[in-house]
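Input: a single structure, listed below in structure tokens.
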Amino acid sequence: MARKTKEEAQATREGILDAALACFHENGVANTSLAAIGERAGYSRGAVYWHFKNKTEVLEAMINRERVPFIKRLRRTYSPHRNTPILDLRSAMLVSLSELATEPHLRDMMEIMLRNDLSAESQAMQQLQHDSIEEEMAIFRRAFERARELGQLREGVDTAVVSRILHAGMTGVLYSAMLEPRQFELQRDSREVMDALLSYYVKPGVITPGADPLPLPPADPDEHD
């Protein structure tokens, strides 16, 4: 059999991850096998094993496929080349949550992450979530420290505290909207909570509560893939 090109191999990998997302969402992580994922994707079990050693690797790759671009987006908020870290952070979070609200595959992935069975894969996913929280809060803190350098924070604001509160607020809206969508609306409520929290910590005039997010920060000149 002819050796696959890099593009063909990448397409196969993406197809496997798409199939894994559908299987995990429909049947749960514990009840999904690599064979089932391969069948859903239209590939042999061997093709799945060529790309992934086990189900945990599939799960982590599925999550990181969406997470890595999100983290890159967040990191631009503390760029030394820009002077609007608060507005950039607000836009990055609100745009990301809007995507989550409107793109079914992202909502399905979040629902998978909210579930908890006692499988080894779910435990690995929980560890990934713990690591993600620490990384996101560290990025928040750097954005707020950049805002402090620019004189945009109120006096006495602890950047660790505001980072923790902002993360808790956004997480609360996300979980509430996923669990009780009749009462909570992700795009509407994330903007309300974000603006209420930021208004408490930043100086007047830095943000305009209720305004649409500004265009997302572009990549820095020194940013690498």
Exercise for review: Report, to the nearest whole %, how much of the accessible area of the chain belongs to carbon and sulfur atoms, 1.4 Å probe, protein only.
Suggested key: 52 percent
Check your understanding: Using 7 Å Cα-to-Cβ label points, what is the SER44/ILE165 separation (nm, one decimal)?
Key -> 5.9 nm
Revision key, fill the gap. Taking R0 as 30 Å and r as the Cβ-Cβ distance between GLU135 and ALA22, the FRET efficiency 1/(1 + (r/R0)^6), rounded to the nearest 0.05, comes to 0.65
Check your understanding: How far, in nm, would the chain grow between ALA61 and ASN31 when pulled straight, counting 0.36 nm per residue and subtracting the alpha carbon separation?
Key -> 9.0 nm
Exercise for review: Can you tell me how much longer the chain between GLU103 and GLN127 gets when fully stretched, taken as 0.36 nm per residue apart minus their C-alpha distance, in nm with one decimal?
Suggested key: 6.1 nm
Exercise for review: Using +1 at the Cβ of each Lys and Arg and -1 at the Cβ of each Asp and Glu in the chain, identify which of PRO217, GLY38, LEU94 lies farthest towards the dipole's positive end.
Suggested key: PRO217
Check your understanding: Residue by residue through the range 99-113, which ³J(HN,Hα) values in whole Hz follow from phi under the Karplus form 6.51 cos²θ - 1.76 cosθ + 1.60 (θ = phi - 60°), with glycine and proline marked x?
Key -> 4, 5, 6, 10, 9, x, 5, 6, 5, 4, 5, 5, 4, 4, 5
Revision key, fill the gap. Cα pairs beyond 15 Å in the range 12-97, in percent, come to 61 percent
**Study point:** GLU14-GLU185 FRET efficiency (beta carbon distance; Förster radius 30 Å; 0.05 resolution)
**Key:** 0.45
Check your understanding: So what is the accessible area of the chain per residue, in Å², with the probe set to 1.4 Å?
Key -> 55 Å²
Practice item. For the chain, give the magnitude of the charge dipole about the Cα centre (Cβ charges: +1 Lys/Arg, -1 Asp/Glu; no others), in debye to the nearest 20. Key: 280 debye
Exercise for review: Pull up all non-local amide H partners of VAL202: gap of 5 or more, or a different chain, and H-to-H distance under 5 Å with H placed in the peptide plane.
Suggested key: ARG154
Check your understanding: In nm, what is the difference between 0.36 nm times the number of residues separating GLU149 and GLU192 and their Cα-Cα distance?
Key -> 12.9 nm
Revision key, fill the gap. Expressed in square angstrom to the nearest 10, the accessible area of LEU97 with a 1.4 Å probe stands at 20 Å²
Point to revise | Karplus-derived 3J(HN,Hα), 6.51/-1.76/1.60, for each residue of the range 152-168, Hz, glycine and proline x | key: 9, 9, 5, 4, x, 5, 8, 5, 5, 5, 5, 5, 5, 5, 5, 5, 5
Check your understanding: Ordering LYS6, LYS55 by how much accessible area each has at a 1.4 Å probe, largest first, what is the list?
Key -> LYS6, LYS55
Review point. Going toward the positive end of the dipole of the chain, with +1 on Lys and Arg Cβ and -1 on Asp and Glu Cβ, which of ILE112, PHE24, ALA160 do you reach last?
Key: ALA160
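The values are calculated or read from the model by the stated rules, or taken from the named source; none is laboratory data. In this text the structure is predicted, and so the values were computed from the model without any measurement. All Cβ positions, even for glycine, are placed from backbone atoms using ideal geometry, and neighbour counts span all protein chains on display. These area figures cover heavy atoms from the full protein model, side chains too; ligands, DNA and RNA do not enter into them. Shrake-Rupley method; radii C 1.70, N 1.55, O 1.52, S 1.80 Å.
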